[in-house]
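S.K.: I'd like to ask you about the structure that follows.
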Amino acid sequence: MALAGVGYGIRNWRLFQIACSAPTAILLLYIWILPESARWLLTKGKNEKAKELLQKAARTNKREFPEALLLQLQEEKLTSSGNMLDLFRVPNLRKKTLIMCFIWFVNGLSYYGLSYNVGSFGLDIYLTQLVFGAVEIPARLGTIFIVQNFGRRLSQALCLLLGGIVCLIITTIPTELSVVITVLAVIGKFAMASSYSVCYIYAAEIFPTVIRQNGVGLCSMTARVAGISAPLISLLDKYHPAIPLAIYGSCPIIGGILCFLLPETRNMDLPDHVHETNGIPRSDSLPKEHLINEQHKLYTEKEEKSTRL
């Protein structure tokens with residue numbers, strides 16, 4: 001939303017670029033502000049640092065961290081680190097990685113494609129940019145509720161399908177109906193902005209902790225490639241005005257369909273290691289009482305079978 005005001009006040013594109021880019025240097029302060037992930041610390045065997053972080057979080061939220069849980073953290077074993085190749089080594093994880101990368105790609109392609117074409121919808125470019133920015137507020141906030149009520153998979157699929165269908169509908173609207181085109185474009189931007197928020201949550205829950213940053217980073221890279229490709233695709237309008245929006249619309253629909261090949265992660269335990277993506281739990285993550293009960297159960301079943309024989 002501020003971009004519209006800055007662009008209206010600074011018409012020289014070089015000064016405009018400097019004015020928009022210079023404040024981002026403040027983001028470097030995140031290194032000293034944001035804490036490390038407690039789950040990541042545990043998987044790296046840094047139990048004491050994880051314990052201090054969780055205790056600090058509890059104090060901040062005015063809660064008490066149970067001593068019994070702290071003792072369990074000390075029992076975590078040091079595990080080997082993952083790498084980028086692990087994303088493709090396990091078949092099930094490879095499928096998730098490829099689908100998630102495609103979802104991020106189509107998200108970036110349609111999101112930036114609509115954003116870059118803000119001046120081609122027929123209305124005032126500054127007003128349209130202001131509306132495009134404003135619609136992101138309900139889109140981002142609404143994501144909080146849809147992922148909790150509908151789950152990650154369905155939310156991701158519906159947002160992609162809605163954004164893609166709206167872009168395809170725009171291709172059938174005459175260029176003289178600029179207001180209708182702009183309204184539909186705003187709806188498409190709303191859907192893609194919501195989808196963008198969902199995919200960050202979904203990707204973080206799909207990938208195991210040891211390679212979560214690798215997986216999310218790879219997906220983010222594909223979205224940046226899509227952002228680079230979006231203005232190039234927009235140049236195809238010299239052959240036919242509907243070609244760019246047809247691409248921006250068809251790709252999210254394919255991505256939305258592929259979402260149904262991914263597992264639902266709502267209310268599920270996050271995987272910590274690569275082999276857990278195949279449904280194999282860590283034996284050291286199970287409580288001792290659970291292991292004792294399982295051993296007793298197996299022993300009882302064996303005794304009953306011997307008695308019957």
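The values are calculated or read from the model by the stated rules, or taken from the named source; none is laboratory data. Treat the numbers as computed from the prediction; the structure is a model and nothing was measured. Cβ atoms come from the backbone with ideal geometry, glycine included; neighbour counts cover every protein chain shown. For accessibility, only protein heavy atoms count, side chains too; no ligands or nucleic acids. Shrake-Rupley method; radii C 1.70, N 1.55, O 1.52, S 1.80 Å.
S.K.: Hey, how many Å between the Cα centroid of segment 219-240 and the Cα centroid of segment 2-22?
M.R.: 23
S.K.: Now, a different point. Rounding to the nearest 10 and keeping the result within 0 to 90°, find how far the Cα-based axis of helix 136-149 lies from the longest principal axis of the chain.
M.R.: It works out to around 30 degrees.
S.K.: Next up: Helix 178-206 sits at what angle to the longest principal axis of the chain, using alpha carbons and giving 0 to 90 degrees rounded to 10?
M.R.: Taking the Cα atoms of the chain, the angle to 178-206 is about 20 degrees.
S.K.: Another one. Compactness ratio of the chain: Cα Rg over 2.2 N^0.38 Å, N = residue count?
M.R.: Output field value: 1.26.
S.K.: Can you pull the percent of segment 62-170's accessible area that's carbon plus sulfur, 1.4 Å probe, other chains left in place?
M.R.: 65
S.K.: Per the helix-only calculation at 222 nm, which mean residue ellipticity applies to the chain, given -39500 (n - 2.57) for every DSSP H run of n ≥ 4 and division by its residues, nearest 500 deg cm²/dmol?
M.R.: It comes out at -22000 deg cm²/dmol, rounded to the nearest 500.
S.K.: At 0.36 nm per residue, and after removing the present C-alpha to C-alpha distance, how many nm does the segment from Phe88 to Ser21 gain when stretched out fully?
M.R.: Result: 20.5 nm gained on full extension.
S.K.: Give me a comma-separated list of calculated 3J(HN,Hα) values for segment 57-64, in order, Karplus coefficients 6.51, -1.76, 1.60 applied at θ = phi - 60°, integers in Hz, x for any Gly or Pro.
M.R.: The phi angles translate into 4, 5, 5, 4, 8, 6, 10, 10 Hz.
S.K.: Once amide H atoms are built 1.01 Å from N in the peptide plane, which residues 5 or more positions from Ile173, or in another chain, come under 5 Å H to H?
M.R.: Placed amide hydrogens put nothing under 5 Å from Ile173.
S.K.: Could you provide, to the nearest whole Å², the per residue accessible area of the chain with probe 1.4 Å?
M.R.: 59
S.K.: Over the chain, calculate the relative contact order: mean separation of alpha carbon pairs under 8 Å at least 6 apart, over the residue count, as a percent.
M.R.: It comes to 25 percent, rounded to a whole number.
S.K.: Among Gln17, His273, Thr143, whose Cα projects farthest towards the positive end of the dipole of the chain, with charges put on the beta-carbon of Lys, Arg (+1) and Asp, Glu (-1)?
M.R.: Of the options given, the answer is Gln17.
S.K.: Let me ask another. Which value, in debye to the nearest 20, describes the size of the charge dipole of the chain about its Cα centre when Lys and Arg Cβ atoms bear +1, Asp and Glu Cβ atoms bear -1, and nothing else is charged?
M.R.: 320
S.K.: Same structure, new question: Would you work out the Kirkwood radius for segment 192-259? I mean one over the mean of 1/r across all pairs of different Cα atoms, in Å.
M.R.: Computed over Cα pairs of segment 192-259, the Kirkwood hydrodynamic radius comes out at 13.6 Å.
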